[in-house]
Each structure stands twice: as structure tokens, then as C-alpha cells.
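Working notes, structure below.
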Amino acid sequence: MRNSSVLEDSRVFELSTLTALSPVDGRYRNKVKELAPYLSEYGLIRYRVLVEIKWLIKLSQMPEVEEVPGFSNDALAFLEGINDGFSVDDAWEVKNIEKRTNHDVKAVEYFLKAKCQSHPEIAKVLEFFHFACTSEDINNLAYALMLKDALNTTMLPTMDKVIEALCSMATQNAHIPMLSRTHGQPASPTTLGKEMANFAARLSRQRKLISQVTLSGKFAGAVGNYNAHLAAYPSIDWPQTAKDFVESLGLYFNPYVTQ
């Protein structure tokens with residue numbers, strides 16, 4: 001039976017523990033809010049902006065791309081300012097543009113063109129935002145950067161604090177006897193400290209494994225063959241250029257890809 005009182009309620013459902021779609025959004029929000037700048041949709045949009053800006057700067061540093069002269073310090077500062085100062089309001093502006101484009105990455109490109117229209121130097125090369133890129137070039141690097149920064153700034157440091165606390169508890173409680181069990185039955189005794197050491201060792205092992213995960217990226221165009229790149233500038237070593245660009249973002253380069 002239709003619950004008309006709920007379906008016809010015109011009030012805006014603001015985020016709360018009652019309206020959240022998952023416990024992480026609701027009751028655990030205070031526990032994970034430090035991840036929001038990295039792993040939310042805002043974070044995804046912000047890192048897309050970063051990649052687009054870095055790519056335009058990379059093009060400006062390539063003498064073969066004569067249409068994009070080297071930027072002045074003022075122009076570079078302007079571009080970096082967009083990246084460094086990217087706000088939630090900016091992300092909403094991108095989302096509003098997306099309503100017209102029906103394309104999330106194209107909306108980022110249009111956002112940047114609008115932002116840079118006021119700078120005379122950058123305004124001359126606006127069409128080189130997203131040059132030779134397919135959406136996945138931007139997306140795969142953005143997702144990798146989201147994970148890299150979330151791990152390095154929040155997740156790994158938090159794990160280190162928990163490991164340190166467990167090690168401290170293990171030392172402080174090394175002499176406290178504790179009933180142990182095997183097959184659900186009382187067994188040879190252990191100590192509270194030793195059991196805390198178990199957890200510290202297990203978490204340390206997982207922390208090491210997570211830190212060793214390779215975050216890779218590609219930047220090879222629509223089908224991974226640098227087709228548009230070579231059509232425009234056939235003399236440039238585009239695979240090496242892509243490798244340099246991806247590695248400049250702190251990621252491993254994946255040379256063999258499709259879309």
C-alpha cells in the first residue's frame with residue numbers, strides 16, 4: 001500500500017542519521033568525515049580539475065606544442081590557485097554545468113574554460129584543456145590520486161596510531177593473566193598483553209600490504225594508441241610524454257591499455 005504521507009512530503013531530506021543511505025553516511029559520519037575531501041564526489045571532481053590543469057601546464061612546457069606557449073609565473077599561479085582553492089561551491093558549479101552537458105568530465109572542462117576566461121594569457125589556449133584526452137584519461141588518474149592521498153594523509157596515519165596504541169596496551173598488560181580457549185573450551189592461560197600483541201601484528205601486516213599496493217594510471221587517449229596525439233603532433237614521443245606526466249603525479253605508468 002502506498003504511503004502517501006511519505007511520498008508526498010515536500011520537505012527536503014537533509015543528510016542525517018535518518019535520511020542517510022548507509023551507516024557510513026549517517027551514524028558513522030563523524031568517524032569517516034576526514035575522508036570526505038578525498039573519496040566523495042566532491043573529491044572526484046576536485047581531482048579531475050587537478051589533472052586537467054596539470055595537463056595544460058604540461059603542454060605549455062613542450063616546445064613542439066607551439067600553440068600553447070610557456071606560461072608566465074602569473075598564469076601558473078592563477079591555474080594553481082583554481083586547484084588549491086577548489087571549494088564545495090565550485091563542485092556545485094560543475095554539477096550545474098553537468099545538467100546541460102549530461103557529461104561529468106566535459107562539465108569540468110567547461111568549468112575551467114569559464115574560470116580562465118578572465119586571464120588574458122590562458123584565455124588564448126582554452127581549447128587545449130582536455131587536448132587529445134578521453135574521459136577515462138582524466139578519471140583513472142583522478143581515482144588513483146583520490147586513493148593515494150586518502151591513504152597517505154588519513155588512512156595510513158590512523159592505522160599507525162591504532163598500531164601504536166595496541167603495542168602500548170600489549171606492553172602495559174603483559175603481566176595480566178587472561179583465560180584462553182581452544183575449540184570453545186578453556187585452555188592454557190595467556191596474558192592480555194600477548195593478545196593485544198596479536199592484534200598489533202595483524203594490523204601491521206595489513207598496513208604493510210595496503211602501503212605496497214601499486215596505484216597506476218594511463219594517459220593514452222580513446223583506445224590507448226595516442227591516435228589524436230599523433231595526428232596533431234606526429235614528431236612528439238607521446239608514450240614517453242604520457243609516462244612523464246603520470247609519474248609526475250606520483251603514480252605508476254601503465255603503458256598498455258584500451259579506453
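The values are calculated or read from the model by the stated rules, or taken from the named source; none is laboratory data. Every value quoted in this text rests on a predicted model; they were computed, and no experiment measured them. When we count neighbours, we look across all protein chains shown, and the Cβ atoms used for this are built from the backbone with ideal geometry, even at glycine. Only protein heavy atoms, including side chains, enter the accessible area calculation; ligands, DNA and RNA are left aside. Shrake-Rupley method; radii C 1.70, N 1.55, O 1.52, S 1.80 Å.
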Handout entry: Near pairs, Cβ below 9 angstrom, 6+ apart or cross-chain, from region 29-40 (over 17 Å from Leu141 (Cβ atoms) and in contact (Cβ under 8 Å) with a residue 12 or more places away in the chain) to any residue that is open to solvent by 50 Å² or more (accessible area, probe 1.4 Å) and in a helix (DSSP H, G or I)
Key = Glu34/Thr153; Glu34/Thr158; Leu35/Met155
Handout entry: Cβ-Cβ under 7 Å pairs, at least 6 apart or on other chains, region 225-240 side open to solvent by 80 Å² or more (accessible area, probe 1.4 Å), far side of a type in the set (Gly, Ala, Ser)
Key = Asn227/Gly221
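In the set Leu156, Leu209, Leu151, which member is hydrophobic (A, V, I, L, M, F, W, C), open to solvent by 90 Å² or more (accessible area, probe 1.4 Å) and not assigned by the TED database to the domain that holds Lys58?
Leu209
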Completion exercise
Among (1) under 21 Å from Glu136 (Cα atoms); (2) free of Cβ contacts under 8 Å to residues at least 60 places away in the same chain, Asp90 falls short only on (1)
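So, Gly43, is that one open to solvent by less than 40 Å² (accessible area, probe 1.4 Å), modelled with pLDDT under 95 and out of contact with any Asp or Glu (no Cβ under 8 Å at 6 or more places or on another chain) or not?
Considered against the rule, which asks whether it is open to solvent by less than 40 Å² (accessible area, probe 1.4 Å), modelled with pLDDT under 95 and out of contact with any Asp or Glu (no Cβ under 8 Å at 6 or more places or on another chain), Gly43 comes out as no.
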Problem - Residue among Phe219, Phe199 that alone is of a type in the set (Phe, Trp, Tyr), at pLDDT 95 or above and open to solvent by 40 Å² or more (accessible area, probe 1.4 Å) - result: Phe199
Fill in the blank from the handout: Per the filter on region 170-183, residues in a strand (DSSP E or B) and over 30 Å from Asp160 (Cβ atoms) are Arg181, Thr182
Practice task
Would you check if Leu192 is hydrophobic (A, V, I, L, M, F, W, C), within 30 Å of Ser40 (Cβ to Cβ) and not assigned by the TED database to the domain that holds Leu44?
Solution key: no
